[in-house]
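All of the numbers you see were taken from the coordinates with simple rules; none came from a lab. Just so you know, these numbers come straight off a predicted model, no measurement behind them. All Cβ positions, glycine included, derive from the backbone under ideal geometry; neighbour counts span all protein chains shown.
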């Protein structure tokens with residue numbers, strides 16, 4: 001009788017402990033799966049099921065039947081070996097899981113050897129924590145790509161500028177040929193200007209991605225703005241033998257938006273057109289569209305291939321087309337433009353055909369002017 005009562009008491013205590021532990025882990029945001037020494041699931045929480053993409057009970061099932069991770073080389077991981085290798089707590093941030101719909105997530109896993117219970121009745125096993133870190137991994141990869149590309153983009157103009165300045169110094173000492181000195185300094189100056197553009201793009205990008213860009217609404221005199229842009233860029237177009245034209249619909253007058261950002265968007269469109277157009281013309285056109293205006297910059301340049309059209313607004317993207325590589329560029333202009341368009345509540349569209357030119361358009365609505373304080 002005494003042994004029977006003791007057994008019932010221990011059984012009741014174990015059930016109470018199990019219930020408490022279940023309640024505790026179900027409050028956790030991370031997936032929790034506890035397995036015994038044979039890697040069979042003893043206890044788990046809802047977050048664990050969610051990460052495993054399952055909605056059926058997994059208690060008493062082998063972890064190898066429900067958890068199928070693979071590494072960054074797409075090699076399947078032997079889960080039993082991975083878990084049993086944890087003689088001390090271990091972590092791994094490089095595992096991935098593939099779901100039935102084909103999507104893939106990055107998984108953080110922590111494995112710790114434990115005793116699953118108290119005293120002698122507690123068997124040895126392992127507690128596994130799982131966390132979806134797909135977004136974190138994406139940010140890490142973006143950061144690494146940013147550092148790599150930015151350092152590469154900085155290295156080239158710095159090397160060219162330094163080389164030309166050194167060359168100018170050498171010429172002054174040896175021959176004093178002012179024409180050659182001027183040529184070297186002009187090239188160095190061009191590279192410094194490129195660096196300035198890169199720094200400005202990076203600064204705007206940083207503020208845009210931190211959500212620090214603010215928009216000041218004002219009534220923009222659109223014909224005046226277009227006239228100023230033509231005045232700013234027509235000399236550069238003429239120097240390349242290009243016609244620079246404007247077509248402003250007679251119904252166009254003002255637009256309630258941010259002149260600073262509208263101007264920057266159009267400047268990015270125009271400078272791109274100037275870079276990649278060797279003959280023909282560039283036209284900036286404006287006409288009414290719904291509750292706002294549609295701005296378009298059309299060129300007769302080299303055009304953009306279909307594959308590149310999918311990526312022109314990506315951060316740091318530059319086409320592999322040799323004609324594109326002949327010109328300097330940060331690969332940030334159109335990415336920043338898309339960010340600014342979002343702030344303006346505008347929509348960018350693009351049409352292009354390789355060797356037949358491109359047209360970049362943005363429709364911008366009239367926004368509410370700020371009301372004066374009384």
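Annotations for the structure displayed:
- Convex hull projection area averaged over all views, region 213-374, Cα basis, nm²: 10.0 nm²
- FRET E, pair residue 74, residue 29, Förster distance 35 Å, beta-carbon r, rounded to 0.05: 0.80
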